[in-house]
Amino acid sequence: MASLNITNSHVGSKFPGSVSDDSGVEVELGAIRSDTSQISQVTANLVVQDDTIKTKNVSQADSIEERYAASLAEQIELKRAQANHLEQRLTKQAQQQTERLGKLKQNQPRIFSFPATKRRWQNEVRKESNRLQQTNARLVTVRDIRDGMGPLIPRLQEISAAKLRAKQPDLARARDEALRQERAKMQEGRRKGIGEQEQKKARPRSHDLSLKNS
């Protein structure tokens with residue numbers, strides 16, 4: 001696991017310092033959340049996927065779907081691993097910040113300390129508390145991405161599918177077209193089925209009319 005970028009400084013000689021640069025966490029969190037602009041289209045395609053696959057015959061579309069499913073599964077595992085790694089990193093960082101905050105509070109200046117010393121201590125406590133709140137908020141975000149649900153499917157699957165669409169646009173377009181063709185066939189089959197049912201219903205009526213006229 002990558003080490004945390006933590007530096008310890010001191011205010012005067014009494015107050016322990018805290019994390020001064022957590023840009024690495026932001027980079028990792030951004031990587032997990034990236035490529036979400038196409039999520040609505042991805043969600044729509046994933047929702048219709050099951051019904052479409054159930055009716056498909058063995059064809060080129062099967063090969064495309066298999067390739068897409070394998071690539072999506074790989075991307076989901078990659079994003080899950082990133083989320084797990086970042087969760088561990090943030091959990092460790094939150095623990096360290098909690099310990100530092102506790103030490104700061106224990107080192108509260110005495111009642112007769114200089115006002116400037118008290119202000120420095122108060123500022124350090126406030127800064128460390130804000131850092132801890134930010135870390136906990138990031139931790140909630142990571143867990144929500146990994147374990148949460150979107151409108152219709154898991155968020156991790158949404159983000160992974162959007163990432164796959166950005167990385168392999170040709171495969172995504174081919175799959176979209178295959179799904180479109182299969183849906184068109186399904187709709188045409190439904191229309192034919194409805195037409196045949198209406199014809200069957202019409203036959204008894206025309207038979208009754210012919211008997212009345214005979």
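The values are calculated or read from the model by the stated rules, or taken from the named source; none is laboratory data. The shown structure was predicted, so the numbers you read here are calculated from the model rather than taken from an experiment. Neighbour counts are summed over all protein chains in view; Cβ atoms, including those assigned to glycine, are modelled from backbone coordinates with ideal geometry.
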Matching residues, the range 126-147, being of a type in the set (Val, Ile, Thr) and either surrounded by 13 or more Cβ atoms within 10 Å (Cβ to Cβ) or touching a strand residue (DSSP E or B) at 6+ places or on another chain (Cβ under 7 Å) (or both): Thr135, Thr141, Val142, Ile145
Failed criterion for Ser160 (all others in (1) surrounded by fewer than 17 Cβ atoms within 10 Å (Cβ to Cβ); (2) under 17 Å from Gln75 (Cβ atoms); (3) of a type in the set (S, T, N, Q) hold): (1)
Residue count for the range 138-157, restricted to those that are outside any helix (DSSP H, G or I) and more than 30 Å from Glu99 (Cβ to Cβ): 6
Residue within the range 158-171 that is modelled with pLDDT of 90 or more, farther than 30 Å from Pro109 by Cα, part of a helix (DSSP H, G or I) and touching a Gly at 6+ places or on another chain (Cβ under 8 Å) present: yes
Options Thr98, Thr135, Thr117; residue that is under 21 Å from the mean Cα position of the chain (by Cα) and assigned to a helix (DSSP H, G or I): Thr135
